[in-house]
1. Among B:127-137, B:113-123, what's the highest-first ranking by average C-beta atoms within 10 angstrom per residue?
2. Quick one: if you stick a label point 7 Å off each Cα along the C-beta vector at residue A:281 and residue B:132, how many nm between them?
3. FRET efficiency for residue A:135 and residue A:81, Cβ-Cβ distance as r, R0 = 45 Å, nearest 0.05?
4. So if R0 is 35 Å, what FRET efficiency would residue B:294 and residue B:52 give, r being the distance between their Cβ atoms, rounded to the nearest 0.05?
5. List, in order, the whole-Hz ³J(HN,Hα) value for each residue of segment B:230-235 obtained from phi through the Karplus relation with A = 6.51, B = -1.76, C = 1.60 and θ = phi - 60°; use x for Gly and Pro.
6. How do A:226, B:286 stack up against each other in accessible area, from largest to smallest, with a 1.4 angstrom probe?
7. Leaving ligands, DNA and RNA out of it, report the carbon-plus-sulfur percent of the accessible area of segment B:97-331 at a 1.4 Å probe.
8. Classify segment B:56-179 from the C-alpha gyration tensor, please: rounded if a/c falls under 1.5, else prolate or oblate depending on whether a/b exceeds b/c.
Amino acid sequence: MKEVLLDIKDLQVHFRVYGGFLKVLNGTNMRVYSGEKVGLVGETGCGKTTTMKAVMRILPKPHGITPEGKIIFKNKNVLSLKTQEIERLRRNEISMIFQDPTAALNPVFTIGEQLLDVFRYSKKNDGLKGKTLKQMAVDSLRAVALPDPERILASYPIQLSGGMRQRVCIALALANQKQLLIADEPGTSLDVTIQDQILRLIHRLAEERNMAVILISHSLGVIREWTERVYVMYAGSMVEEATTPKLFSQPLHPYTQALMECVPRLTGMKTNEGIPGRIPDYFFPPTGCRFHPRCPKKMAICQEEKPPFYQIDDNHQVACYLYKGES
Amino acid sequence: MNFSRYLIRRLGYSIFVLIGLSILVFMIARLVPGDPARAALGPRASEEAVEQLRSRLHLDQPIYVQYFYWLKSLFQGDLGESLFTRRPVIEDIKEFLPATLELAIFAGILMAFFGILFGVISARYSNTWVDNLIRVFAYLGIATPAFVVAIILLLIFGMYFEVFPTIGRLSAWIDAPPKITGLLTIDSLLTGNFAAFFDALKHLLLPAISLSLGGLFQEARITRSSMIENSKKDYTYSMRAYGVPERVVISKYLFKPSIIPTISILGLDFASLMGNAFLVELLFNWPGLSRYGINVMLRKDVEAIVAVIMVLGVVFTVVNIIVDIIVAYLDPRIRLVEKGE
Ligand SMILES: Nc1ncnc2c1ncn2[C@@H]1O[C@H](COP(=O)(O)OP(=O)(O)OP(=O)(O)O)[C@@H](O)[C@H]1O
Ligand code: SF4
Ligand SMILES: [Mg+2]
């Protein structure tokens, strides 16, 4: 049996705004086993980053709140950890590569300053001298295949290319040995060849360090190539989960099917106009299944209650009333 | 581009600014109606004598030649003679400028230090009563002109609590330190005269508070809003996410980018502070250049007015250079990126 590393249970995240709440996550479930590579896909704004920020406990304060749900990481509920414990967790267990590498680097400090602080404050390196820390920083830049680490340590973010910044972010995220790496659309802002190099790098590092990876992406192609299992997310919760080959050969949820339709096919002549409609308003979210306003197969029951996950087989589940009888 | 290249370019710009300023000031001096030679000699002087003075003052030459003569005398420290004090203007400047500089620098330090401090506290405790209190004071401080603050302070401390002196730079019974820089606090420290130092400091306090209050709260507001804005940026969350302790995230990674806008406007706030000094010096009977400036203006003492404007212009330029250098030092985006990129 594989060991469960991360278990997100019925997680809700709301943002307090003028006059009420944006109810962004409405019961998200996700499970990650140690050492595996899990994909997370969904349209922009569906709550992928928000879910992961909740896991790291870096939701904006005070208006980002988690009214319900649990995030169990190695038998401890992340949401109820004390400050010191959560800092320890961030140093040694979970890490995250932010979606936009330019925004994730502080523009007024050198890369060296930032990287050294991350090493300095990790408890394992308590009391280490500047020289040793610097050597660790140099090594961490080498590990992400950056040439001339000394020069990069002395550089400010604006002096680096997009690809270099992305690698620096990976080095920062992996300063310590971690068990889970959350990679939020790594390389999306870069051109395809560089994105591919970045994904290859993350894959290699994950294998070397025996890390589990949650890979967030818009691109089904990326998910198909680099993950073993996939969650499909729509408007604040997971709608389908399957092993990667299974999901691609047999997508069940109408939303997943629509997503697949949108992927440009090399052979086909058909143009793709995307899924009709758009992600709902989180201030007044649709009742029941949040996909119902856009769903071609909706039924009366769909507007009433949120569909639970129906287990199709050992490695396939789907949150849609169409499959009610099959579990 | 590196820092020294930025510095050279920045200094180059300032020279242009100063040249522009000198042309402007020269125009003001020359455009004043009436013939300066006639004015100097009086209505009864003979036409011949006036003509002689005109050519001695180069007034018979084209205007740009006059400008260069004027510039030359400026560099020789010859700013003409004041009708008001009846002595060379340069002597007046030497006497009155240090008092104003001391006041303005002290007020500037108060403004920057407490402005940033209140801003940080306000942001750290945003939307609590502490923040609200500071914000109420901020509105009052920004809306109240410096001279009104001065009058209120004068009333409170001059009439009710006589803890702080309200007149002049030094008490009569204190021996003034020998004149080295002309700034009493510095001179008294240099000569180890602590009694004079504390006395001078006490005299500085009320006028400096009156002058700094408006800018101080302006700075506090800017610091507050840029801290709150930057606290939502990914780079604050990323350091947190990598296990850097909260106090370091705030006092280092959030603080430094957030005070850059505050420091950038210090130059402007300093300029308005110097402007407000005119009335405040008058109210506190501060023997400074601004008070001198108001007196010579009321007497239409052209040479002296011109000199005061020129000196203030140089002070602004120098302050702005210093501010720009600090900003460029703090913000690599300014010093490393070519303009227009
Ligand atoms: N701090 C916040 N305050 C208010 N609303 C927020 C905040 N952060 C996120 N949201 C909202 O939550 C929703 C989900 O955002 P999130 O960033 O998680 O989406 P995402 O799936 O990561 O999208 P993308 O693919 O574009 O990165 C969006 O509608 C967004 O506007
Ligand atoms: S539950 Fe109903 S509305 Fe939702 S996807 Fe299934 S069929 Fe469509
Ligand atoms: Mg995102």
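The values are calculated or read from the model by the stated rules, or taken from the named source; none is laboratory data. Note that the structure is predicted; figures quoted are calculated from it, not measured. Here Cβ is always computed from backbone atoms with ideal geometry, including for glycine, and neighbour counts include all displayed protein chains. Note: areas computed on protein heavy atoms with side chains; ligands, DNA, RNA excluded. Shrake-Rupley method; radii C 1.70, N 1.55, O 1.52, S 1.80 Å.
1. Details: B:127-137: 13.6, B:113-123: 21.5.
The peptides rank, most packed first, as B:113-123, B:127-137.
2. The two pseudo-label positions are separated by 3.1 nm.
3. Working: r = 32 Å, r/R0 = 0.71.
Working from the Cβ atoms, E equals 0.90.
4. Working: r = 35 Å, r/R0 = 1.00.
With R0 = 35 Å, the Cβ-Cβ based efficiency is 0.50.
5. 5, 5, 8, 7, 4, 5
6. Working: A:226 35, B:286 0 Å².
So the residues, ranked largest to smallest area, are A:226, B:286.
7. Numbers: 7410 of 10470 Å².
The value for segment B:97-331 is 71 percent carbon and sulfur by accessible area.
8. Values: a/c = 3.10, a/b = 1.87, b/c = 1.66.
Prolate, because a/c is 1.5 or more and a/b exceeds b/c.
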